[in-house]
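Undergrad: I have a structure here, written as structure tokens, and I will follow up with some questions on it.
Since every read-out is calculated from the coordinates, none of them should be taken as a lab result. On a predicted model such as this, the values are computed, not experimentally measured, just so you know. Cβ placement follows ideal geometry from the backbone for every residue including glycine, while neighbour counts extend to all protein chains displayed.
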Amino acid sequence: MKIIAIAFIAIIMSGVPSSVEAEEKTYTLEDAYRAALSTNELIKIAEENSAQSEYRVDQAWTYLYPRVDGRGLYTKYNKSLPPNGQQPLLFQPESQLAATLVLTQPLYTGGRTLAALRSAQKMRITSNAELAIAKQDMMVNVADAYYAVLKARKTVDISRRSLERMERHHQVTQREAATRKTKANQSALLRANTLVSQAKILLVRSEDALKIARDRLSLLTKLPQDLSVAEPPALEAPSQGLDNLKKSALETRDDYAKSKIDQNIAEENVTIVKGGHYPQLYGEAGMTYASSSPEMVTDATVFYAGLRLQVPIFEGGLMKAEVSEAKSKVRQAELSSEFLRKTIESDVQEAYINLQTLTSVLDTAKIQRDYAQGNYEAVEGLFSEGLLASLSLIDAEQALTAAERELVNASYDREVSILRLERATGRLGKDRQYN
């Protein structure tokens with residue numbers, strides 16, 4: 001019997017999930033960052049662009065190396081000339097096999113080969129910068145979606161508390177209407193019914209907004225749609241002043257660094273274009289092999305080496321047009337860089353002002369919520385004692401709900417504004433690696 005009892009208990013315990021298994025996994029903001037940066041298609045596209053830039057450098061190196069070309073040719077003729085080999089010297093055999101191996105080494109290309117290599121190496125740097133920019137943009141989007149989930153979840157809680165307060169008010173009003181069947185009490189009951197219905201509608205909409213927020217976060221991170229998110233620690237606002245933040249942004253922003261390198265690439269392109277119209281000098285060495293049937297006097301294996309000079313004589317003004325276009329692109333890159341500098345300073349200023357505004361709004365929202373909470377508690381006590389009309393309680397409840405919503409919005413909007421300021425200054429995500 002003891003063995004049976006132990007087996008029975010074991011069967012029961014095996015069907016009960018452990019606390020670890022039953023516990024729902026909670027994701028942090030860092031988890032969301034890592035998931036998005038490792039799985040999102042936009043990041044993968046930027047990574048492929050970075051990989052392609054590596055291949056372009058390899059391609060540029062190949063133009064500095066010798067090039068070896070081989071060619072083989074087999075020819076079958078319908079007859080030999082002279083026919084049947086009637087003369088001792090044949091100039092068309094019945095069949096012929098020929099092979100050629102040529103080595104070509106660029107010696108002077110007007111500087112365009114080295115310029116192309118330098119340009120490819122700089123393009124590799126810009127591709128890495130584009131990847132860093134894509135990651136920062138993704139982190140901002142993920143943070144925005146993550147805090148939207150937190151905001152929606154808090155809003156659902158606020159809507160539920162509002163519904164509970166309205167239901168308590170409805171119970172009191174219903175009791176009053178049943179005790180004293182006056183027109184005023186009946187009107188108050190109808191109004192309470194309406195307010196309960198409105199609170200239910202707001203709760204449904206809040207729950208729907210939470211589903212949408214979770215779906216958006218899941219789209220960015222590939223995490224489960226019903227994910228549970230943890231409350232992140234409060235972020236600290238930058239202690240630097242606006243001028244220092246602008247200066248730091250110009251030193252840190254990857255897109256600004258990329259714009260400066262783009263100028264250098266445009267200048268290298270001028271050298272590449274000019275070099276294409278300068279004399280070109282190549283060293284060549286090769287081997288030819290010929291074998292005919294019947295045998296000819298030209299059948300032999302020959303080795304040779306020499307120099308090949310190619311000089312453009314007349315191109316109809318092509319060089320001038322192409323160089324002018326390349327110089328125009330240099331000026332265009334300089335203008336783009338200057339415009340980006342002004343845009344970055346504007347972005348930093350806008351993000352800084354938004355942070356200051358939301359910090360002020362948050363401080364006021366906290367005070368407003370405390371006032372609204374105290375007012376509602378006082379009004380609810382007086383209403384339950386019959387010393388205040390239901391309209392006063394309704395006003396107090398609506399003011400409390402609005403204050404709670406404003407506090408939630410201001411709290412999370414301020415956190416996002418800090419991250420947006422970090423993005424505007426180019427510091428977002430650079431203090432740690434997300435693999």
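Undergrad: Excluding same-chain residues fewer than 8 positions from Lys247, which lysines have a Cα within less than 20 Å of its Cα?
TA: Lys258, Lys260, Lys342, Lys430
Undergrad: If you average the sequence gap of Cα pairs under 8 Å that are 6 or more apart and divide by the length of the chain, what percent do you get for the contact order?
TA: Values: 546 pairs, mean separation 102.4, N = 435.
It rounds to 24 percent for the chain.
Undergrad: Using a Gaussian network model of the chain with C-alpha springs under 10 Å, which one of Tyr108, Tyr77, Tyr55 is most mobile by mean-square fluctuation?
TA: Tyr77
Undergrad: Separate question: Based on alpha-carbon centroids, what's the gap between region 350-401 and region 266-343 in Å, whole number please?
TA: Result: 76 Å between the Cα centres.
Undergrad: Could you point to the residue in Thr425, Thr288, Leu81 farthest towards the positive end of the chain's charge dipole, with +1 and -1 charges on the Cβ of Lys/Arg and Asp/Glu respectively?
TA: Leu81
Undergrad: Right, another one. Taking only Cα atoms of region 320-426, what ratio of Rg to Rh do you get with Rh as the Kirkwood inverse-distance radius? Let's see the in-between values first.
TA: Values: Rg = 26.1 Å, Rh = 17.9 Å.
Ratio of gyration radius to Kirkwood radius: 1.46.
Undergrad: So if I place +1 on the C-beta of Lys and Arg and -1 on the C-beta of Asp and Glu, and nothing else carries charge, what would the dipole magnitude of region 112-238 be about its Cα centre? I want it in debye, nearest 20. Please report the intermediate quantities before stating the final value.
TA: On the way: 23 positive and 13 negative charges, 63 e Å.
Once rounded to the nearest 20, the dipole reads 300 debye.
Undergrad: Name the residue farthest towards the positive end of the dipole of region 39-194 from the options Leu107, Ala143, Ala51, assuming +1 on Cβ of Lys and Arg, -1 on Cβ of Asp and Glu, about the Cα centre.
TA: Checking the options against the dipole of region 39-194, the answer is Ala143.
Undergrad: Which of Phe314, Phe383, Phe91 moves most in a GNM of the chain, Cα contacts under 10 Å?
TA: Greatest mean-square fluctuation among the candidates belongs to Phe91.
Undergrad: OK, next. Dipole of the chain, Cα-centred, from +1 at each Lys and Arg C-beta and -1 at each Asp and Glu C-beta, to the nearest 20 debye? Provide the component values of the computation, followed by the final result.
TA: Working: 54 positive and 56 negative charges, 99 e Å.
Its charge dipole is roughly 480 debye.
Undergrad: While we're here: Among the aspartates and glutamates, which have Cα under 19 Å from the Cα of Lys122 when same-chain residues fewer than 8 positions away are ignored?
TA: Within reach: Glu47, Glu48, Glu54, Asp58, Glu130, Glu251, Asp254, Asp255, Asp262, Glu267, Glu268, Glu334.
Undergrad: Just one of [x] 25.1; [y] 19.4; [z] 48.1 is mean projected area of the Cα convex hull in nm² calculated from these coordinates, so which is it?
TA: Only one option fits the structure, namely [z].
Undergrad: How large is ³J(HN,Hα), in whole Hz, for each residue of region 422-428 in order, when computed from phi with the Karplus curve 6.51 cos²θ - 1.76 cosθ + 1.60 and θ = phi - 60°, using x for Gly and Pro?
TA: Along region 422-428, the couplings run 4, 5, 5, 8, x, 9, 5 Hz.
Undergrad: I've got another one for you. Please report Tyr278, Tyr74, Tyr147, Tyr27 as a ranked list, fewest other C-beta atoms within 10 angstrom at the top and most at the bottom.
TA: Working: Tyr278 16, Tyr74 10, Tyr147 22, Tyr27 19.
Least to most surrounded, the residues fall as Tyr74, Tyr278, Tyr27, Tyr147.
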